[in-house]
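Remarks on the structure that follows.
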Amino acid sequence: MLFKQQALLRQKLFVLGSLAIGSLLYLVARVGSLDRLQPLCPIDGRFGPRGQDEIPLRALQFKRGLLHEFRKGNATKEQIRAIIIGVRKGGTRALLEMLNLHPAVVKASQEIHFFDNDENYAKGIEWYRKKMPFSYPHQITIEKSPAYFITEEVPERIYKMNSSIKLLIIVREPTTRAISDYTQVLEGKERKNKTYYKFEKLAIDPNTCEVNTKYKAVRTSIYTKHLERWLKYFPIEQFHIVDGDRLITEPLPELQLVEKFLNLPPRISQYNLYFNATRGFYCLRFNIVFNKCLAGSKGRIHPEVDTSVITKLRKFFHPFNQKFYQITGRTFNWP
């Protein structure tokens, strides 16, 4: 009886041992087979030669759109190293969108009006920072608010935030810019079914028949007067003047000058810009899938203006233009 019990126990131990050894052998074999399936370099083995299948950085950023939404406000004061400060109707929106083609540039989508608006400025620098999009340490965060250029308090306020900031000013021929300024206001009045004075009546003082310097559209085009106020806080080396007229007809050379000014590696190429004959100006190509044109409000048709008024305005702006050339070191073919 005892012999039978011992034999039964040895049989159970044999079965359990066999199962244990079998399981161990299976695991060893499984791990070995998995190891053999792995390439020597898991990442390199998945792709062809380096560069052929890489996803463009801008495409990756585009896919991170939701991440940007959830992580707004990470741009530090140090990353806000450049601001487009003006001028109104000079091409600030076009410049901002075109610079956004560069993978090292991240733009604020809306005009923040932090430095020119007392109520916003009172909210503090952290409020401003949180209005900025998410950006990485190697990137430059840029915003544009054209009112900055003509608002008296702004130079000192920006200086207090970052005294080494780089400032972009985009200008157009002053008379053309003033008419464009008027056209935008006129369109807004028409949408509200309101009447508005003709440009000639606003630009020329009816009492003196001279240029009306109280008219904001005229005053904004006296670039040198506003720039002199900025030069009390910043040296001229921290400004870059962009030719807004040339940005319309030949955008790439202007953008390359800005890349150099911002110490960015050259990344924007002719591939990124294509002329849209229907719209009458250049549109943007980020990659093979994603293209973008500026809003339909850009490129408004200007109303006809009396030629004598245009002549008078150009004569008025001429000495201011000459001084602007002298200060900035950049000459334009303005009449």
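Can you tell me which residue in region 192-239 is surrounded by the fewest Cβ atoms within 10 Å (Cβ to Cβ), limited to those that are closer than 30 Å to Leu262 by Cα and among the basic types (Lys, Arg)?
Checking each candidate, the answer is Lys232.
In region 91-114, is there at least one residue being more than 28 Å from Pro251 (Cα to Cα), at pLDDT 95 or above and in a loop (DSSP other than H, G, I, E, B)?
Yes, some residue in region 91-114 is more than 28 Å from Pro251 (Cα to Cα), at pLDDT 95 or above and in a loop (DSSP other than H, G, I, E, B).
Being charged (D, E, K, R) and free of Cβ contacts under 8 Å to residues at least 12 places away in the same chain is the filter; apply it to region 240-283 and report the residue that is least open to solvent (accessible area, probe 1.4 Å).
Arg246
I'd like the full set of residues that are open to solvent by 30 Å² or more (accessible area, probe 1.4 Å), within 14 Å of Ile158 (Cα to Cα) and among the polar types (S, T, N, Q), limited to region 93-121.
Once the filter is applied, which keeps residues that are open to solvent by 30 Å² or more (accessible area, probe 1.4 Å), within 14 Å of Ile158 (Cα to Cα) and among the polar types (S, T, N, Q), region 93-121 yields only Asn117.
Within region 167-178, does at least one residue satisfy the condition of being of a type in the set (Lys, Arg) and either part of a helix (DSSP H, G or I) or touching a residue at least 24 places away in the same chain (Cβ under 8 Å) (or both)?
Yes, there is a match, as at least one residue in region 167-178 is of a type in the set (Lys, Arg) and either part of a helix (DSSP H, G or I) or touching a residue at least 24 places away in the same chain (Cβ under 8 Å) (or both).
Which number in (1) within 17 Å of Asn100 (Cα to Cα); (2) open to solvent by 10 Å² or more (accessible area, probe 1.4 Å) marks the one condition that Ile125 misses?
(1)
Which of the residues belonging to region 137-151 are open to solvent by 30 Å² or more (accessible area, probe 1.4 Å) and closer than 18 Å to Glu259 by Cβ?
His138 - this is the single residue of region 137-151 that is open to solvent by 30 Å² or more (accessible area, probe 1.4 Å) and closer than 18 Å to Glu259 by Cβ.
For region 309-328, give me the residue count where each residue is over 14 Å from Tyr223 (Cα atoms) and either open to solvent by 70 Å² or more (accessible area, probe 1.4 Å) or of a type in the set (Phe, Trp, Tyr) (or both).
Looking only at that region, the number is 3.
Can you find even one residue in region 284-306 that is modelled with pLDDT of 95 or more, surrounded by 12 or more Cβ atoms within 10 Å (Cβ to Cβ) and not in a strand (DSSP E or B)?
Scanning region 284-306, I find at least one residue that is modelled with pLDDT of 95 or more, surrounded by 12 or more Cβ atoms within 10 Å (Cβ to Cβ) and not in a strand (DSSP E or B), so the answer is yes.
Among the residues that make up region 247-260, is at least one of them hydroxyl-bearing (Ser, Thr, Tyr) and more than 30 Å from Glu152 (Cβ to Cβ)?
Yes: one or more hits.
Return a yes/no flag: does region 119-140 have any residue that is at pLDDT 95 or above, aromatic (Phe, Trp, Tyr) and closer than 22 Å to Leu247 by Cα.
no
The values are calculated or read from the model by the stated rules, or taken from the named source; none is laboratory data. Note that the structure is a prediction, hence the values are computed from the model and not measured. Positions of Cβ are generated from backbone atoms using ideal geometry, with glycine treated the same way; all protein chains shown enter the neighbour counts. Protein only, heavy atoms only, side chains kept; ligands, DNA and RNA dropped before computing areas. Shrake-Rupley method; radii C 1.70, N 1.55, O 1.52, S 1.80 Å.
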